[in-house]
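What follows is a short report on a single structure.
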Amino acid sequence: MQRPFDESVRPHPTADIPGAWYGGGEPDPALVDPVVLGALLGRHGWRRRGGAAGRYARWTPPEHAAGGTSLLVPESRSFPDCEDLLSEALTALARSAAPSAREVLVGLTVPSDEIRWWRDVPPGPSGAASWTAQEQLRGAARQMLMAAALAARERAGYYGARHRRQAQASLEGVLVGPAPGGRTLTAFVPVRSGRAVVVTLYHAVQAAREAADYQRATGGMEAFDAAVQAGVSRELTEAVIALVRGSEGARIALEWSPAAGVPQGCAPRNEPVEFSPGDLPALREAGARYLQDEPSLPVRITGTVVRMRRSGPRGAGTVRLRVLAGAEVPHVRVALDEESYRTAGHAHLVGLPIRVVGRLESRGGFRRLTDASSVVPVQVDEAERDRLMKSLQENPDFLEESCQED
């Protein structure tokens, strides 16, 4: 049963500490929907063992969680002792050693969509995870979330340095569950800030699976071209490759927050999407194709000069700009003729940014501007100019240092 997501849902408890949850306190029983609690218990392997029909249900922990106590969960808030039972259930979950109990508490405290990754790798001694296995799983999961966050902003076959600051910011509230044995990992993505990312990932992994099947069956790459509009990119194919490499296979599954309900255009229940080592050639070919085909972009960039370099006292040179506007990349490198280079130097010395027109090249990750022209200083307010001048004064060897840069 799905419940609408509204203002009565408890806000994200980590607003002051993005990306971290320390379990300091239980969810408020007065704000917990018993239907949502029951849905989360069922999702995480707890078993319903009866109870008073229409009044409350008894839930027992997963079979592998030996010694766990059962929970009495009311069917609705109309049950007379609803809040007392919820308080007792939440306290029991907080004291439970079962990993599933912590995951249920996270799902209640932070209404989240859940993403799970599995890697089929042999267990280490006594079931311990190797450092390499843990790092590979976490790294691949991080890459996949970043690829989805990038695609949620704009569809493209290759992003390079574009949109990375904004994509990273959209993932700051993501919580991570335990990864026993280095074979599984769960991410809790808050609905308020991250649902668009999860919906994008939902469509993208399915499109990548279908495109890989098409390529293996026909040898054609057309399905990967069409999959870009579903969120597939070089960044996503690289993430799937990293997840599968060195394993016998990998799976990705998504579960929607029961507090928020199912997003439009998505299935209520999703089977895990599987990838195997046999998919790697198609994914590598697709990634290379995306890198080659993504065009350069005409842009007009405003930025502050942070590095200057040329081979002699005269002639053309190269500057590095910290981008303020015009392109969603943090820095670009620009080759300028002698006059434009002099203009950039003068602007820097008086604490002004410059504006330049050119093409943002996909080669190198959209970090280089070519065909640069129309270089002019840009007026800024006094506060910003003072800040830029202070930065220059703190780095008086700016021009000498830049000669050492590549």
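The values are calculated or read from the model by the stated rules, or taken from the named source; none is laboratory data. These figures come from a predicted structure and were not determined experimentally. Ideal geometry is used to build each Cβ from the backbone, glycine not excepted, and the neighbour counts take in all protein chains shown. Accessible surface areas use protein heavy atoms only, side chains included; no ligands, DNA or RNA. Shrake-Rupley method; radii C 1.70, N 1.55, O 1.52, S 1.80 Å.
Percent of accessible area on the range 194-267 owned by carbon and sulfur, 1.4 Å probe? Roughly 45 percent of what the probe reaches on the range 194-267 is carbon or sulfur.
With Cα atoms defining each centre, the range 254-309 and the range 204-221 are spaced 15 Å apart in the structure. Applying the criteria of a DSSP loop state and at most 12 other Cβ atoms within 10 Å to the chymotrypsin sites (Phe, Trp or Tyr not before Pro) of the range 150-246 yields no site.
Here the accessible area of the range 70-185 is 51 percent carbon and sulfur, with a 1.4 angstrom probe and all protein chains present.
Among the trypsin sites (Lys or Arg not before Pro) in the range 202-255, those placed in a DSSP loop whose Cβ has at most 15 other Cβ atoms within 10 Å are R245. Our estimate of slack between E271 and H331, defined as 0.36 nm per intervening residue step minus the Cα-Cα distance, is 17.5 nm. Under 8 Å for C-alpha pairs, at least 6 residues apart: give me the relative contact order for the range 83-170, rounded to a whole percent. Reported as a whole number, the value is 16 percent. Counting charges near V198 (Lys, Arg +1; Asp, Glu -1) among other residues having Cβ under 10 Å from its Cβ returns a value of -2.
Compared with the direct C-alpha span, the chain from T218 to Q264 gains 13.3 nm at full extension, assuming 0.36 nm per residue. Does the range 88-215 classify as rounded, prolate or oblate by the C-alpha gyration tensor (a ≥ b ≥ c root eigenvalues; a/c under 1.5 gives rounded; else a/b over b/c gives prolate, otherwise oblate)? Oblate shape, in that a/c is at least 1.5 and b/c is the bigger or equal ratio. Summing +1 for each Lys or Arg and -1 for each Asp or Glu among the other residues whose beta-carbon sits under 12 angstrom from that of S170 gives +4. Packing, as the average of other Cβ atoms within 10 Å across residues, places the peptides 332-338, 279-285 in the order 332-338, 279-285, highest first.
The residues of the range 283-365 present an accessible area of 48 Å² per residue when probed at 1.4 Å with all protein chains retained. Between the beta carbons of R284 and R55, assuming R0 = 41 Å, the FRET efficiency works out to 0.10 to the nearest 0.05.
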